[in-house]
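Let me begin by presenting the structure, written as structure tokens, before commenting on it.
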Amino acid sequence: MEPAIQGVPGYFVWEVPGQPVVIHLRLDVVDRMAAEIMRGFGAVPKRGAEVGGILTGAIQPGPVSTVQIEDFEPIPCTYTRGPSFLLTESERIVFGEACRRRSAEIVGYYRSHTRDGLALQPEDIQLLDGNFPSPAQVALLVKPFATKPSVGGFFVREKGVFPSATRLEFPFRRWEMTGEEPPRRPPMQERMRTDTEPASDEAPASSPPREPIDAASQSPQPEPPEPNGRRAPKSRTGMWLVASFVFLLLGVLLGYEASRITAPLRGASDFTLSLAVEHTGENLTIRWNPKARAVLSASSGVLEIDDGGETKRVPLDRDNLSNGNFVYRNTSGKVRFRLVVYLDSGLSLTEALEWPR
């Protein structure tokens, strides 16, 4: 399928000829759900943990129904039977209660899929048949990958039965889904300069360029000869006064420069993210300070991971940032992490580090 918004700004349109349902998936849901799925994917070695829940929005009935997905609600899983999204009996009760509580807006079911292929399993069908009776309600599976975009697929009932495979897979990432250009990444030199510059809430005032001091130009000029041809005697006192002034001026300038270098930046600690990486088992745990002023005032963020020549972006919302950590399974021996938080004021703050140091 060619990526397209198809006249519905802010949504990805999933449409297959002959299918009784057209799906409008809000792009904001894609960003937030992708972050939730990748957290689970990085939480368990080798395969990753699956996450799942319910999709909410509205259904417009018709010969071809339109399902509009506006939000999602994760349902917790204790993983008593491994990393798959297999709910216990008590968790099924919680799932059913969530469906009844939001029955007026529920439009479907979603789950990440870390197993082989991309197909609904018997336990998925059981949840769908028990909690999603409407013919227009749908299922969404998303298969995450570490070094390339995740793959999604919707499942729609055909003659009352969900098919074993999706009729159309699509890349589950905003840029590929819509054909938009991803945000421009600054050149490596610029990013390295940004990462190494200390953050401060008060930009130092720029000093006007100073002309180099030419000591020779400050030296006393020879006095013109007297009319009778004799030179007037040089004043040693005047020479020493000029030289003292030059040295004094140089000392003031050097002291000013030294103070600019060594003076502590006021408020810089308020905007430190305290980014750190810890090797736990076969995973890397990336941590930052959730109480940092920048994090508390951030509207969203993104964690960029450069691993073995591949770069991935993990979107972070306010809840993700407040958790203060992200678990990632690396594929190479050298990984570079770059955390960017976007402040409510429209500014952004970046901190980066490499593992191992």
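The values are calculated or read from the model by the stated rules, or taken from the named source; none is laboratory data. Here the structure is a predicted model, which is why all the values come from computation and not from measurement. Note that each Cβ is placed from the backbone with ideal geometry, even for glycine, and that neighbours are counted across all protein chains shown.
So for segment 119-139 (the condition being modelled with pLDDT of 95 or more and touching an Asp or Glu at 6+ places or on another chain (Cβ under 8 Å)), does at least one residue qualify? Yes, some residue in segment 119-139 is modelled with pLDDT of 95 or more and touching an Asp or Glu at 6+ places or on another chain (Cβ under 8 Å). A count restricted to segment 144-168 and to residues that are touching a residue at least 60 places away in the same chain (Cβ under 8 Å), surrounded by 14 or more Cβ atoms within 10 Å (Cβ to Cβ) and polar (S, T, N, Q) stands at 1. When segment 42-62 is limited to residues that are in contact with a strand residue (DSSP E or B) (Cβ under 7 Å, 6 or more places away or on another chain) and at pLDDT below 90, the one that is farthest from ARG111 (Cα to Cα) turns out to be PRO45.
Report whether or not LEU141 is closer than 18 Å to TRP14 by Cα and either outside any strand (DSSP E or B) or touching a residue at least 60 places away in the same chain (Cβ under 8 Å) (or both).
no
Name the single residue, out of those in segment 96-135 being aromatic (Phe, Trp, Tyr) and touching a residue at least 40 places away in the same chain (Cβ under 8 Å), that is nearest to THR56 (Cα to Cα). The residue in question is TYR109.
In segment 123-145, the residue that is nearest to the chain's Cα centre (by Cα) out of those that are under 17 Å from MET33 (Cβ atoms) and aliphatic (A, V, I, L, M) is VAL142.
Just so you know, in segment 156-191 the residues that are touching a strand residue (DSSP E or B) at 6+ places or on another chain (Cβ under 7 Å) and among the polar types (S, T, N, Q) include one that is modelled with the lowest pLDDT, and it is THR178. The residue of segment 79-94 that is surrounded by the most Cβ atoms within 10 Å (Cβ to Cβ), among those that are at pLDDT below 90 and more than 18 Å from ILE37 (Cβ to Cβ), is ARG81.
The set of residues from segment 278-293 being over 14 Å from LEU316 (Cα atoms) and crowded, with 19+ Cβ neighbours inside 10 Å comprises LEU284, ALA292.
Within segment 316-346, the set of residues being surrounded by 13 or more Cβ atoms within 10 Å (Cβ to Cβ) and assigned to a loop (DSSP other than H, G, I, E, B) comprises ASP317, GLY324, ARG329, ASN330.
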